[in-house]
Amino acid sequence: MLKNSSLSRRCFLHVSLSGLAGATAVAVGKNRYLMYPCQALDKPKRDFEVHGLAPLRKRAAAKGLIYGAASMQDYLVSDKNLEASLKSECNILVPENELKWDFLRPAPNKFDFTRGDWLAQFAIRNGMLFRGHTLVWHQQQPQWFKEVVNRQNAEKFLVEHITTVTKHYAGQMHSWDVVNEAIEPNDGLKGGWRRSPWFEFLGSDYIELAYQVAAQADPKAMLVYNENDLEYDTPKHETKRTIVLKLLERLKSRGTPIHALGVQSHLMGHETHFNPKKLRSFLSNVASLGLKILVTELDVIDQQLPSSTYERDRIVAARYEDYLSVVLDERAVIAVLTWGLSDRRTWLSMFTPRSDKTPVRPLPLDSNLQRKVAWNAMARAFDHAPKR
Ligand code: G3I
């Protein structure tokens, strides 16, 4: 019987080597999805054995890493058990929505920091770090945005927003997702830019401007570029990795005050095109620019996984462990945040419901706040990670 650690190492080796073999298999194979090599090893019992009961934050901290989660004020004020679990497992908190434009900007000339402040105080009260998400994004803009913001005043609104919000939280922030999801090759724009209002009104220079203004307003915060769809061995993800790397190279070459890349890491349980070598090489290239890396929104979408929770949980756990074992091998990775902590509160219930109507199970704790095998998988990944 393989010891688990050698199993995951063997799995990693197996996947890396088969990454090449996989190419041959794809040439001759008929299936759209290659059997994920690690799943082949899942068949024999993969027991996700963990030593001790230490919480994720402690296992992460033992390796110089930070672990935490996203949450919302509404969740925490009404759910003392969720609050307790968050305090026990997490060392950093990120507001899931409360620091976005639609929550902060009820009117063009009005800011409302009530909810963000409550979460900042919650973090401080519980000895947790606090990170901000997100200053510039194409989604969750307030109702008035479309009627009011235009080519002539877009720069004023961008600078005023970043300055006001970043100054308000200056000194409290571990890091900020300054710009989120600026790249979308499917939008068909030259350079792979996302067709966002910011790009339409200001061109791609809005990105450099955003980081310069944020750095001026809070010189202490780590300034992060946050992006999705960077994780898999698919044409779209490969294209995005290439474009994002070029963007980071250009920003760094121009002396832009950008300090880290946020890899959102919304994993898909059914996705089998995962090539550790390609992902590892991308992370290494980002690190070689002198940037840190954060896993900012980790969860595993189980929408297309079997109904059996036993089977589903183990596939989800395998995705967590196989992904994190590759990512944490890069010492520039300093933090892992899951997008929620418990299945009780996940955006995926609304965004990726299951056709069998069973509750989704994407996170480390189940809806009763009990540790799932996904929790074990994360604990093992932290325990096996190299020390920073
Ligand atoms: O605040 C309103 C509330 O007043 C209203 O009663 C309710 C019902 O309509 O909607 C509430 O707003 C919702 C908001 O979440 C707060 O709960 C929006 O409808 C809903 O669309 C919004 O979804 C958020 C989503 O971003 C928007 O795209 C999710 O909670 C949030 O988890 C998700 O997070 C994003 C990251 O910011 C960026 N990366 C991707 C990630 C997942 O999409």
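Each value in this text was obtained by applying a stated rule to the coordinates, not by laboratory testing. Predicted model, so just to flag it, every value in this text is computed and none were measured. Cβ: placed from backbone, ideal geometry, glycine included. Neighbour counts: every protein chain shown.
One table, with the values for the structure above:
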{"quantity": "Rounded FRET efficiency, nearest 0.05, which uses the C-beta distance separating residue 311 from residue 47 and R0 of 22 Å", "calculated": "0.90"}
{"quantity": "In degrees, nearest ten, helix 205-217 long axis to first principal axis of the chain (Cα)", "calculated": "80"}
{"quantity": "Separation in nanometres of the label points that stand 7 Å from Cα toward Cβ, at residue 111 and residue 254", "calculated": "2.5"}
{"quantity": "Rounded tilt (10° steps) of 4-28 against the dominant C-alpha axis of the chain", "calculated": "80"}
{"quantity": "Antiparallel content of DSSP bridges confined to the chain, in %, to 5", "calculated": "10"}
{"quantity": "P(r) tail fraction, segment 175-283 - alpha-carbon pairs more than 25 Å apart, %", "calculated": "22"}
{"quantity": "Computed log₁₀ I(q)/I(0) - Debye formula, equal Cα scatterers, no solvent, the chain, q 0.14 Å⁻¹", "calculated": "-1.28"}
{"quantity": "For the chain, built as a Gaussian network whose Cα springs stay under 10 Å, the top-fluctuating residue of 169, 211, 75", "calculated": "75"}
{"quantity": "In nm, spacing of pseudo-spin labels at residue 368 and residue 139 (7 Å Cα→C-beta vector)", "calculated": "3.2"}
{"quantity": "Rel. contact order, % - alpha carbon contacts under 8 angstrom, at least six apart, segment 56-384", "calculated": "16"}
{"quantity": "Those trypsin sites (Lys or Arg not before Pro) in segment 43-80 that DSSP places in a loop and that have at most 11 other beta carbons within 10 Å", "calculated": "45"}
{"quantity": "Hypothetical label at residue 81: residues of segment 341-379 whose amide nitrogen lies under 11 Å (7 Å Cα-Cβ projection)", "calculated": "344, 366-370"}
{"quantity": "Solution diffusion estimate, µm²/s, Stokes-Einstein, segment 235-348, Kirkwood Rh from C-alpha pairs, 20 °C, viscosity 1.002 mPa s", "calculated": "140"}
{"quantity": "Nitroxide proxy distance, nm - points 7 Å out along Cα→Cβ at residue 186 and residue 160", "calculated": "3.4"}
{"quantity": "Quarter of Cα convex hull surface for segment 158-217, i.e. mean projection, nm²", "calculated": "4.2"}
{"quantity": "Cut-off 9 Å between beta-carbons: net charge of the residues surrounding residue 266, Lys and Arg +1, Asp and Glu -1", "calculated": "-4"}
{"quantity": "Residue-averaged 222 nm ellipticity for the chain, from DSSP H runs of 4+ at -39500 (n - 2.57), nearest 500", "calculated": "-13500 deg cm²/dmol"}
{"quantity": "Protection proxy ranking, peptides 155-162, 83-90, average beta carbon neighbours within 10 Å, highest first", "calculated": "83-90, 155-162"}
